Amino acid sequence: MRLIALNKPFGTICQFSAHETRASLGDWVEVPGVYPAGRLDADSEGLLLLTDDGALQARIAEPRHKLVKRYWAQVEGVPDQAALSKLSAGVDLGDYVTRPCRVRAIDAPAALWPRVPPVRYRAAIPTSWVELAITEGKNRQVRRMTAAVGFPTLRLVRVGIGQLDLNSLGLPPGKWCELPPRAPWDGLPQRGRQKHAE
């Protein structure tokens, strides 16, 4: 079994086949036979796990296993406690209601790399950051949640899956490491082999 952690850059689509206008996973990871365990949309960044083991892929990706995924979201505006409470209690998105989750306001993450291209700056509209820890992972879920309570997401970074933490792995955007063959809920791995893309 192989398990790889990638810091997926902004704009990269979550597939290995080449794309006409966007980078794909194959531009960053040259390991045959591995596939993403869960997805991050092209406009989202951060921790993505890849494996060649179907059971592990399902264990990581399927919401029924309730594996926590942690995100940093830069949002338009400054959510008040009422908005944070709505997010944490579960949000009615029309087609489904999200599960309760952990949400808190945070300072702008000091360790976060600059996004390329940068988020559009508008002097008249402040931005702020929230951290969300969810056990689902449906299509564009975090973005839909913050928009539903009036604070659209401008930048979204997944920083944790289970006990794995992107900062602890020390992976800049586009870099990956191979983890010991153990599940991400078993505890933090030792530092893996790091691949430096040319």
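Given the structure, is Ala83 surrounded by fewer than 12 Cβ atoms within 10 Å (Cβ to Cβ), touching a residue at least 12 places away in the same chain (Cβ under 8 Å), assigned by TED's automatic domain parsing to the domain that holds Ala148 and not charged (D, E, K, R)?
no
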Looking at Arg140, is it under 27 Å from Lys66 (Cα atoms), in contact with a helix residue (DSSP H, G or I) (Cβ under 9 Å, 6 or more places away or on another chain) and either charged (D, E, K, R) or loosely packed, with under 15 Cβ neighbours inside 10 Å (or both)?
-> no
Would you check if there is a residue in the stretch 142-150 being in a loop (DSSP other than H, G, I, E, B) and either of a type in the set (D, E, K, R) or within 24 Å of Ile60 (Cα to Cα) (or both)?
-> no
Subset tally (residues that are farther than 22 Å from Lys66 by Cβ and at pLDDT 95 or above) for the stretch 149-170 = 7
Mind checking which pairs have a first residue in the stretch 20-39 that is at positive phi and a second that is among the small types (Gly, Ala, Ser), Cβ under 8 Å, 6 or more apart or different chains?
-> Gly38/Ala61; Gly38/Gly137
Please indicate, with yes or no, whether at least one residue in the stretch 4-24 is in contact with a His (Cβ under 8 Å, 6 or more places away or on another chain) and among the basic types (Lys, Arg).
-> no
Residue by residue through the stretch 76-135, note down the ones that are part of a loop (DSSP other than H, G, I, E, B), within 18 Å of the chain's Cα centre (by Cα) and among the basic types (Lys, Arg).
-> Arg99, Arg115
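Would you be able to say whether some residue in the stretch 42-58 is closer than 21 Å to Ala148 by Cβ and under 18 Å from the mean Cα position of the chain (by Cα)?
The answer is yes; a qualifying residue exists.
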For Gly174, are the conditions met, namely being modelled with pLDDT under 90 and either out of contact with any Ser or Thr (no Cβ under 9 Å at 6 or more places or on another chain) or assigned by TED's automatic domain parsing to the domain that holds Cys14 (or both)?
-> no
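Looking at Arg39, Arg59, Arg22 in this structure, which one is in the same structural domain as Pro173 (by TED's automatic domain parsing), of a type in the set (Lys, Arg) and farther than 24 Å from Gly174 by Cα?
Unique residue meeting the criteria: Arg59.
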Is at least one residue of the stretch 12-22 within 28 Å of Arg104 (Cα to Cα), in a loop (DSSP other than H, G, I, E, B) and over 12 Å from the mean Cα position of the chain (by Cα)?
-> yes
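The values are calculated or read from the model by the stated rules, or taken from the named source; none is laboratory data. A quick note: this is a predicted structure, and the numbers were derived from the prediction, not measured. All Cβ positions, glycine included, derive from the backbone under ideal geometry; neighbour counts span all protein chains shown.
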